[in-house]
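These notes are about the structure you will find just below.
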There are 2 protein chains.
Amino acid sequence: MGKNIVVMKFGGTSVGSIEKINKVAERAIKSKNEGNDVVITVSAMGDTTDDLIELASRISSNPPKREMDMLLSTGEQVSSALLAIAIAQKGGKAISLTGYQVGIFTDDIFSDAKILTIKKDRIFAEFEKDNIVIVAGFQGITNNNDITTLGRGGSDTTAVAIAAALNATHCEIFTDVDGVFTADPNIVSNARKINVLSYDEMLELASSGAKVLHLRAVEFAKNHGVIIHVRSSFNNNEGTWVMDTEKLNEKMEQAVVSGVTYDTNQVKISVFGIPDKPGVAAKLFGELAAANINIDMIVQNVGEKGIAAISFTIKKEDLQTCEKVVKELKEKIGIKNFEIDTDIAKLSIVGAGMKSHPGVAATMFSCLGDKGINIEMISTSPIIISCVIRKDRIIEAVRLLHEVFNLDKN
Amino acid sequence: MGKNIVVMKFGGTSVGSIEKINKVAERAIKSKNEGNDVVITVSAMGDTTDDLIELASRISSNPPKREMDMLLSTGEQVSSALLAIAIAQKGGKAISLTGYQVGIFTDDIFSDAKILTIKKDRIFAEFEKDNIVIVAGFQGITNNNDITTLGRGGSDTTAVAIAAALNATHCEIFTDVDGVFTADPNIVSNARKINVLSYDEMLELASSGAKVLHLRAVEFAKNHGVIIHVRSSFNNNEGTWVMDTEKLNEKMEQAVVSGVTYDTNQVKISVFGIPDKPGVAAKLFGELAAANINIDMIVQNVGEKGIAAISFTIKKEDLQTCEKVVKELKEKIGIKNFEIDTDIAKLSIVGAGMKSHPGVAATMFSCLGDKGINIEMISTSPIIISCVIRKDRIIEAVRLLHEVFNLDKN
């Protein structure tokens, strides 16, 4: 080919209206005219996905996941086709492709599928015809030809996976903010855009509440060395680069804490009266894993008489399934009781520099303690520290930590 | 297999709301529980298709047809998935399939594709799993994996083609009326439901304005001997059977005129000053056919000095393309001028018995003439007589003919 391959992804807000779709079309044509081969991945327009979920929920509280994927994948198909129409109207050449038409093969975990392989022949054939290639994000196909979706935010993953498959120089993720911030700018007014992040930092930020990039997309980028550029679809400013920062080492070492994030979409489950013998906790978490529930934080306490209590957190949307699994296990493994607490939030600080700076955790805990904010669960890794606190204190806590760690200053 | 295969098709109004989708689900489960293998073909919900067309029209007045098919095919995918969810919620087993997933292969005339073959293996595999199979109507796939649509009302064709492929005993077309009527009941209050029609009568009725069945579906049914039962989705009444009526001969011979129809979706193009030499008209209609425009009626008059005038009618939606073709041809073949008349309507009477009853045309023409309704074009075949008249007289004319031919009486 010889040409540079550019992969751009536009989220739901970036294609949320006809006007915005026209803007995306112009950006695509501009890049094409600069001599690139261009792939555009789009999400569904605005609230389309939520509207479809709402429609289904009026029929069933527990719709089959295969059928939900069939339903939801239409949102990206619509925005892809409309973008192709917009590009044609502006004199460009474009073709829209579904996940099936590209050949984005996934496993068969409906509503949360993982990409296995991406075929390249159709995309390259369209490049040969001088087409801008629009790929419906968020979706794939199983070997059995069933449509899958990649989970919320899955269009990011589509874009990164395509960039990896095509060996693109990098993958541009266009969104409605200027990049990744030191904290949510809606909460912390002096939050600052971060220029460069390592994959691991981005992973931790994404998994601890920063919504700007889908977790699995970052994992995919890390595993395949795809450089991501998160930027605004409304201007031409530089955004946040996510890459292997080993090469930028000296710069990186200064940032002890890169950002503060929070997540109010969590529920805490506490299970009491578990016999403290080997294999019981494994059984519990094994069954939850089999039901495809991701556990986030876990705390286990052995109480009196060898009876243990375990608390763990999950995403809100998994609560119904989780409750069912725990109820079924109650008698089987001898659980006395369990409690659900929906009034919690997770608070995290992330930074590659924490590895070599002891005392960060102590600063975090004492600063929360000083304000009477109770820490209910803690988890740490070399580059992240997370706490569970009461939900009604979360905004205050985010602002507090942003100030304590001087995140408004570069 | 051994089981009876039942194919049911539900139109847009029959799946226009969650409540109606639930009703369809119940009907499907009932038929399945009676021991049948069941295929359901659905249209898009209510106004979905029109809404999508409107969305595209806000981007482009001439969107690429391939992309329109990509866009519009989502409507049927949504209703199919929702119906599968509804059946599951009611305890049934169902799976929804797109045109691609079934393997409904078509030619590549986007927006008006013809079905070439239908694969049977996926449907039979789902029957084996005891699933009710829901097939998204109106869509197919080319050999190059591009999504096509079958034109307005194409879900009827999907249903009939599947019934033919699976050798179903008949194909049930559920709609919002009780069957095919002797005239539009909204206009003629004593219009009567017709019990049985031959394929040819149904073809003429469909092509002359009766909207209850898609023309191509009837052609397909005729060619493959599929018996169609057009009936209401809101009750269990017998509807109208469309079949090879040779076997019911004696009954049929009585109905001289079966129905009166009209079509206000037509435009008359008059082309003046055409050199009256061989090949000129062929050139004109050849180019129109190449642009995929269906010509309905044609009248040619040779005037003075060997200069001819030709008038023909087309569908309104083809007007823009037609105008373009005629303009381009103007100089090439020496046309002096052309006129577009959008204030016309087509009035038709259909009946298998007309073949053996001369005088029907005379009755029709004199009855219109008595009321001062001017006939501008005429076309006839053994079982249909059509006239073009002014649009503002059409309702009056339909009522007049319904009465003159005693269509309210069996």
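Each reported figure results from applying straightforward, stated rules to the coordinates on display, with no laboratory input. Values in this document were obtained by computation on a predicted structure and should not be read as measured data. Every residue, glycine among them, receives a Cβ derived from its backbone with ideal geometry; neighbour counts consider all protein chains shown.
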Quick one: of the DSSP bridges fully inside the protein assembly as shown, what percent are antiparallel, nearest 5? 60 percent
Say each of B:E331 and B:I395 gets a label point 7 Å from the Cα, pointing the same way as Cα to Cβ; how far apart are those two points in nm? 4.7 nm
Calculated FRET efficiency for the pair A:K371/A:L319, C-beta based, R₀ 41 Å, to 0.05: 0.90
Provide the three semi-axes, in whole Å and in decreasing order, of the ellipsoid equivalent to the stretch B:299-410 as defined by the square roots of 5 times the Cα gyration tensor eigenvalues. 32, 16, 14
Ranking request for peptides B:213-226, A:374-387: highest mean number of other beta-carbon atoms within 10 Å first, then the rest in descending order. B:213-226, A:374-387
For the stretch A:350-378 and the stretch B:56-109, write down the distance between their C-alpha centroids in whole Å. 52 Å
Treating each Cα of the protein assembly as shown as an identical point scatterer and ignoring solvent, apply the Debye formula and state log10 I(q)/I(0) at q = 0.05, 0.11 Å⁻¹. -0.36, -1.25
Using alpha carbons only, how many degrees (0 to 90, rounded to 10) separate the axis of helix B:319-333 from the longest principal axis of chain B? 40 degrees
Where q = 0.11, 0.13, 0.21 Å⁻¹, what log10 of I(q)/I(0) comes from the Debye formula for the stretch B:118-259, counting one point per Cα? -0.45, -0.61, -1.36
Averaged across the residues of B:85-98, what count of C-beta atoms belonging to other chains lies within 10 Å of each residue's C-beta? 5
Peptide-level mean, for B:53-63, of C-beta atoms on other protein chains within 10 Å: 5
With Cα springs under 10 Å, the Gaussian network model of chain A assigns the largest mean-square fluctuation among A:G334, A:G16, A:G103 to A:G334
Between the helical axis of B:360-370 and the dominant principal axis of chain B, each derived from Cα atoms, what acute angle in degrees is found, rounded to the nearest 10? 60 degrees
Inter-copy distances for A:F124, label 7 Å out on the Cα-Cβ vector, sorted ascending, nm, one decimal, are 3.7
Calculate how steeply helix A:394-404 sits against the longest principal axis of the alpha-carbon atoms of chain A, using the helix alpha-carbon long axis, and give the answer as 0 to 90 degrees to the nearest 10. 80 degrees
What does DSSP give for chain A in terms of the percent of beta bridges that are antiparallel, rounded to the nearest 5? 60 percent
Using 0.36 nm per residue, how much length does the chain from B:K90 to B:D51 gain when fully extended, once their Cα-Cα distance is taken away? 11.1 nm
Given the candidates A:I134, A:M68, A:N36, the one whose Cα lies deepest towards the positive end of the charge dipole of the stretch A:5-176, counting +1 at each Lys or Arg C-beta and -1 at each Asp or Glu C-beta, is A:N36
Copy-to-copy label separations for A:F272, where each label sits 7 Å from Cα toward Cβ, in nm and ascending: 9.5
Listed residues A:A352, A:A56, A:A168, most fluctuating in chain A (Gaussian network, C-alpha, under 10 Å): A:A56
Given pairs A:K3/A:K90; A:K30/A:K120; A:K114/B:K93; A:K23/A:K222 and cut-off 28 Å on Cα-Cα distance, the over-length ones are A:K23/A:K222
So for the stretch A:1-82, averaging the separation of alpha carbon pairs under 8 Å that are six or more residues apart and normalising by length, what relative contact order in percent results? 35 percent
For chain B, how big is Rg over Rh, using alpha carbon atoms and the Kirkwood form of Rh? 1.00
Once the label point is set 7 Å along the Cα-to-beta-carbon vector, what list of distances in nm do you get between A:N223 and its counterparts in the other copies? 4.8
Which of A:V160, A:V267, A:V180 moves the most in a Gaussian network model of chain A with Cα springs under 10 Å? A:V267
Would you compute, from DSSP H runs of 4+ residues alone, the mean residue ellipticity of chain B at 222 nm, taking -39500 (n - 2.57) per run and dividing by the full residue count, rounded to the nearest 500? -11000 deg cm²/dmol
Compute the projected area of the convex hull of the Cα atoms of the stretch B:5-176, averaged over all viewing directions, and report it in nm² to one decimal place. 9.1 nm²
